[in-house]
1. Out of curiosity, is residue 260 outside any strand (DSSP E or B) and surrounded by fewer than 18 Cβ atoms within 10 Å (Cβ to Cβ)?
2. Considering only segment 435-466, state which residues are in contact with a strand residue (DSSP E or B) (Cβ under 9 Å, 6 or more places away or on another chain) and within 23 Å of residue 301 (Cα to Cα).
3. Looking for something touching a helix residue (DSSP H, G or I) at 6+ places or on another chain (Cβ under 7 Å) and not assigned by TED's automatic domain parsing to the domain that holds residue 221 - is there at least one such residue anywhere in segment 123-132?
4. State all residues of segment 811-831 that are part of a strand (DSSP E or B) and farther than 27 Å from residue 708 by Cα; if no residue qualifies, say none.
5. Residues of segment 142-183 being surrounded by 20 or more Cβ atoms within 10 Å (Cβ to Cβ) and part of a helix (DSSP H, G or I), which ones?
6. Please enumerate the residues belonging to segment 30-49 that are surrounded by fewer than 18 Cβ atoms within 10 Å (Cβ to Cβ) and touching a helix residue (DSSP H, G or I) at 6+ places or on another chain (Cβ under 8 Å).
7. Residues to consider are 542, 506; find the one that is within 26 Å of residue 582 (Cβ to Cβ), surrounded by fewer than 16 Cβ atoms within 10 Å (Cβ to Cβ) and without any contact (Cβ under 8 Å) to a residue 40 or more places away in the chain.
8. Only one of (1) buried (at least 16 other Cβ atoms within 10 Å of the Cβ); (2) at pLDDT 95 or above; (3) assigned to a strand (DSSP E or B) fails for residue 209. Which number is that?
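The values are calculated or read from the model by the stated rules, or taken from the named source; none is laboratory data. Just so we're clear, the structure is a prediction, and the values are computed from it rather than from any experiment. Every residue, glycine among them, receives a Cβ derived from its backbone with ideal geometry; neighbour counts consider all protein chains shown.
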């Protein structure tokens, strides 16, 4: 009798099959780490240049078009071979791989368990894995099965079950990885726990039911035991000697009344208690076969699509334990082009940025990977999980469907126990592809097979994936992102989720129009901005001749179509700006910060209480990058937050205040175009994401930038729980009525704060836009003070004139700032934490700093 034993295969080497640039013919090179992929090893051996620097991305394209092999020697003992079962477990092979004489793999997202007892001998066994070029193989498959339409990358990717971003995206390089990207293990056992399906059901009364189903590899009688431990390690529930039936199955159920089980909430709404499940499998005599532990949690998670009061359509909102939640968060792409370099520490740092940024949801985008277990184990925010289909007209022939179904089953089983995962979505933007190409897409047809149409993947999204999600989990399934339902196209703003790209892409609307561009749940929107100047200098690789915004190297590190025109369109519409490298970085960053803050501010206003959740979420594209690049990310590849990260964080605080100002032109005579009056109106609101009403003081101070005039008023207000509250509608103080277009409006800055006693819960300064029309005071007349605290790690900013868009920096090693893109007004100093400042001099950039 033996229990299940597992050990990792290590000590691997690799070679280029047939020899070439990477290795000589028959030359095997030792890998530095495992799991790994070819680029990673070639880089460490200095056999290729760093593709993240300069134009070197294009110097390594040959790597993805060659065949490679990995090998190790597995020393097997007689005792291991004496086990009833001896398996090799391949957790992930990228992508077309043949394990010599054992098995084949054609899907990066699938793991394989291969019985090898008859192939192994006691002593040394050579294990060789041959990897074909996924790019070349994909081209071959495409020739047989047809060429389909897509956005981004080579069309052959649609036939290859590999991380689609490897083919290049509008933020990422073309780097076709290959190799054993997940662990490989030898497992020996008599009987093992093959599947552990733990489902919890939390009722509307918050009663809890738990059912656990165990499947065993052998269909023989025996016993299972089950223990559920509380977060503190004490036993919550247990069952011994659960009989395993002849089909190799066992089941146990428990029930609790409301309050007896600690419920899981996303960060910001409560605790994230994790319970531990321990399952033990024995034979009829009590001898141990296998044991398994897992973490579980309990929560009631719903996607609510209800009728609205006063507007057409339905809500699209997330409700956790009967609490409706405005989801403010980000989209997530793979955090590296070379996935095996990701560590638990890097995942933790990224997810901490989400939490520190007051975000409560992250969407795993459908062109990357089903993320590493570390990601979900660490994650305390809600997870929107796409299946891995992105921006394409995917096929649906039999072999492809078979692979997709296996991929879906494995990954739903792997992810279903994570409390953070609250929705599975079938794809990213594939219905938009179909709409844009006028493919056969009759939304009223819910019964056809679809495989004979020119949009065959509808069979995947409406048949295969929902059936898998329904069979193997209790998680909500949504056909796509975006997807409206109710027979409406994906651009419908009254149903489902929306990708709002009419700022930047599409009609290239001003960002001030976010309020009329709202949807029920905006799962993508964004604005580009340069990363930290240190990141720019990294990819320039010391080439000072290329250190200007329009250089070839800088262009290679921005993959968005037409980015020059679009960046400059928005810059020229809104700012007087300069073109030196540091200035261009600054102005694109402050533009991104203003654009994204405006979106969250205006859309949180639409969260107006039950039945009036007109916008229930906003997920910015995107939180992260996979390499050093200029993109829509709000934090760059090196985990350096851009200013937009901080403006978004401010707009997602529990309490915020918002304002809009709009000019209204009225004519005294409907026949005349010359006799009119222009009034500038002001609206103020505040938001409260807590579950209790909050009494606060609204304080509004107005300043004339060109004189010493000020105006101040305040009033006590009550902010409704989990809602926005309208606070004021009227005219902008100090702004005269204009009767001619030559009447230049005064530059009135309005500062609103919500106060709890002396504590500032939220603040926002509203400036007249576009900023390019403003004649800023001379810097010497601002009365700006920068005081470094005695601790050397804090900076207090104060001013005698309003200042817009302050960004702090230092020479040398960067500082970890607690805030950026700061608007400063007289009488309201702000203190910024500055970890790593060590008393150094602080440099400031702001609008009107004399550099443009």
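1. When the stated conditions are applied, residue 260 passes them.
2. Across segment 435-466, the qualifying residues are 461, 465, 466.
3. Checked segment 123-132: no residue is touching a helix residue (DSSP H, G or I) at 6+ places or on another chain (Cβ under 7 Å) and not assigned by TED's automatic domain parsing to the domain that holds residue 221.
4. Residues satisfying the conditions are 816, 817.
5. Hits for segment 142-183 are 156, 157, 158, 159, 164, 165, 166.
6. Result: 32, 33, 49.
7. 542
8. So residue 209 meets the others, but not (1).
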